[in-house]
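Right, one structure below, let's go through it.
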Amino acid sequence: MAQEPPRIAGPVPYPKTPREKPPPGAWDSHAHVFGPADKFPYTPGRGYTPPDAPVEKYLALLDHLGCAHGLVVQGNAHGYDNRVVLDAITRFPQRLRGVAITDTRIQPETLREWHKVGMRGLRFHLFPEKPSYVRGVGLDVFEVFRKTMAELGWVMQIFCDWRMMRDVAPRLREISREMPVIVDHYGMVDAARGINEPNFQALLKLVGEGHVHVKVSAPYRVCEQFPDYADARVLHEALVRANPERLMWGTDWPHPSIPAAMMPDDGYLLDLLFDWTPDQATRRRILVETPKKLFGR
């Protein structure tokens, strides 16, 4: 009998109200929706089982934070079944766009249908070894969809093992000539290693040269200093110095696989962004201008 995936904690139910409102038109550029499971079942072989986090709860969070728009990224619990994201972006087209994860069981032409309802990219996972459960697809699958993605103006989004960044950087630079490339969560570099870590330096170079975008999101995935994530602030400030026009922010709601005792408060995460990014024009680039350009069509 297959082992039941671990059940994970849900988000803080009543996050604090941010000290400041984000600028008009702000985006949360990285979040997930899960379930409800009776309508959108969780996939066999998943890495975890989340509590339901349906799109209506996510929209309530956007309202609470003062964000006009959100980018819904397919989550592991739903595998390659993107119906939960397609449903969200179809029902709320004025507020939401999506990024899918799929294998080659769908045809490239299907992306054109998804584009009509608000899908704007595909996500790929780069790991040294293939995990034993469904966790995404790699660059081999990207090549199948590459031409269609470029024609549609889609983004190529990657969740990358930080130890691979230096080696994969030339490939990302090449791909960026055809479409925007987005690296999730500070490149997943262990913040305790500091900005001189060679893989983070490779990421900084890509950002500084304008080849890659980075999501300054989920500092708790690169730093254990709950709740202020001081080491992650150093990464953040280095990326801002390198090229603020290539950054975007996201909550990573509902924060899958984070223990309940370390669950971040979404309102406080927005406060941290403001603390770490005091310049108003830079905040506007990160929260409004860059995501609007990539996803707002």
Looking at (1) in a helix (DSSP H, G or I); (2) crowded, with 16+ Cβ neighbours inside 10 Å; (3) in contact (Cβ under 8 Å) with a residue 12 or more places away in the chain, which one does THR110 not meet, given that it meets all the others? (3)
In the stretch 216-226, the residues that are hydroxyl-bearing (Ser, Thr, Tyr) and assigned to a helix (DSSP H, G or I): TYR220
With (1) surrounded by fewer than 22 Cβ atoms within 10 Å (Cβ to Cβ); (2) at positive phi; (3) not polar (S, T, N, Q) as the list, and HIS185 as the residue in question, which single condition is left unmet? (1)
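Here is a list: THR90, THR49. Which entry is of a type in the set (Ser, Thr, Tyr) and open to solvent by 30 Å² or more (accessible area, probe 1.4 Å)?
Working: THR49 fails: open to solvent by 30 Å² or more (accessible area, probe 1.4 Å).
Matching residue, one of THR90, THR49: THR90.
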Please count how many residues of the stretch 241-261 are open to solvent by 40 Å² or more (accessible area, probe 1.4 Å), in contact with a helix residue (DSSP H, G or I) (Cβ under 7 Å, 6 or more places away or on another chain) and of a type outside the set (Lys, Arg). 1
In this structure, does PRO198 turn out to be modelled with pLDDT of 95 or more, open to solvent by 20 Å² or more (accessible area, probe 1.4 Å) and in contact with a helix residue (DSSP H, G or I) (Cβ under 7 Å, 6 or more places away or on another chain)? yes
Could you please find all residues in the stretch 62-84 being within 16 Å of THR251 (Cβ to Cβ), open to solvent by 10 Å² or more (accessible area, probe 1.4 Å), part of a helix (DSSP H, G or I) and touching a residue at least 12 places away in the same chain (Cβ under 8 Å)? HIS64
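The values are calculated or read from the model by the stated rules, or taken from the named source; none is laboratory data. All values derive from a computational prediction rather than experimental measurement. Neighbour counts run over all protein chains shown; Cβ positions are idealised from the backbone, glycine included. All accessible areas refer to the heavy atoms of the entire protein, side chains included, with ligands and DNA or RNA removed. Shrake-Rupley method; radii C 1.70, N 1.55, O 1.52, S 1.80 Å.
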